[in-house]
1. For the stretch 77-93, which residues satisfy the criterion of being more than 14 Å from residue 129 (Cα to Cα), part of a strand (DSSP E or B) and of a type in the set (Gly, Ala, Ser)?
2. In the stretch 27-44, how many residues are surrounded by 15 or more Cβ atoms within 10 Å (Cβ to Cβ) and within 21 Å of residue 84 (Cα to Cα)?
3. Exactly one condition in (1) of a type outside the set (A, V, I, L, M); (2) at pLDDT below 95; (3) open to solvent by 50 Å² or more (accessible area, probe 1.4 Å) is false for residue 13; which is it?
4. So is residue 106 at pLDDT 95 or above, in a helix (DSSP H, G or I) and not aliphatic (A, V, I, L, M) or not?
5. For the structure I just gave you, tell me whether residue 125 is on the phi > 0 side of the Ramachandran plot and open to solvent by less than 90 Å² (accessible area, probe 1.4 Å).
6. Taking the stretch 70-94, which residues are open to solvent by less than 90 Å² (accessible area, probe 1.4 Å), in contact (Cβ under 8 Å) with a residue 40 or more places away in the chain and not hydroxyl-bearing (Ser, Thr, Tyr)?
7. Out of the residues in the stretch 45-68 meeting the condition of being under 15 Å from the mean Cα position of the chain (by Cα) and of a type in the set (S, T, N, Q), tell me which one is most open to solvent (accessible area, probe 1.4 Å).
8. So for the stretch 43-58 (the condition being aliphatic (A, V, I, L, M), in contact (Cβ under 8 Å) with a residue 60 or more places away in the chain and farther than 16 Å from residue 7 by Cα), does at least one residue qualify?
Amino acid sequence: MAFISVTRLKPRGVLNLPSIALHTLRSRRQIERAPGFLGGYLATGPGPALWTVTAWINEAAMVAYRSSGAHAKAMPRLSRSCSEASITHWLAIDDALPPPDEVAERMRTGRTSRVRRPSPAHAAGDPWPDRIVPFRGPTLRPA
């Protein structure tokens, strides 16, 4: 059984993309070395919307990663750089990564995270306003 964590971010504009890319690279290095990380992938949707799908041995391992290192430093900056941010979690029956269509469907019941300048849909509490399944991108593997 794996703990699945999914995040979706939508940058406020193209000027925010370099900063988000830098923090993504730093967080990616951290996640691949994180204790309890089983695997994952990045995905993209329109706008662009940036998705992260990760599998963990348990919720505690994910929380330890989220609360430390490069990821902990990036989180406050993302609230300034994004107009939408949402998350969802669930326990999977096995350790297999869910495909993008399942991830997107699960995001329907996700929750929004605080951003400083939310889009109208985000302000209304919609965690996945574009309703377009993301395209799977690079795979994340434990080091």
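The values are calculated or read from the model by the stated rules, or taken from the named source; none is laboratory data. Only a predicted model underlies this, so the values are computations on that prediction, with no experimental measurement involved. Note that we place each Cβ from the backbone using ideal geometry, even for glycine, and neighbour counts take in every protein chain shown. We work out accessible area using only protein heavy atoms, side chains counted, and drop any ligands, DNA or RNA first. Shrake-Rupley method; radii C 1.70, N 1.55, O 1.52, S 1.80 Å.
1. Matches in the stretch 77-93: 92 only.
2. Of the residues in that region, 5 qualify.
3. (3)
4. yes
5. Yes, satisfied.
6. 70, 71, 74, 78, 82, 84, 85, 87, 89, 90, 92, 94
7. Looking at the filtered set, the residue picked out is 67.
8. No, the stretch 43-58 has no match at all.
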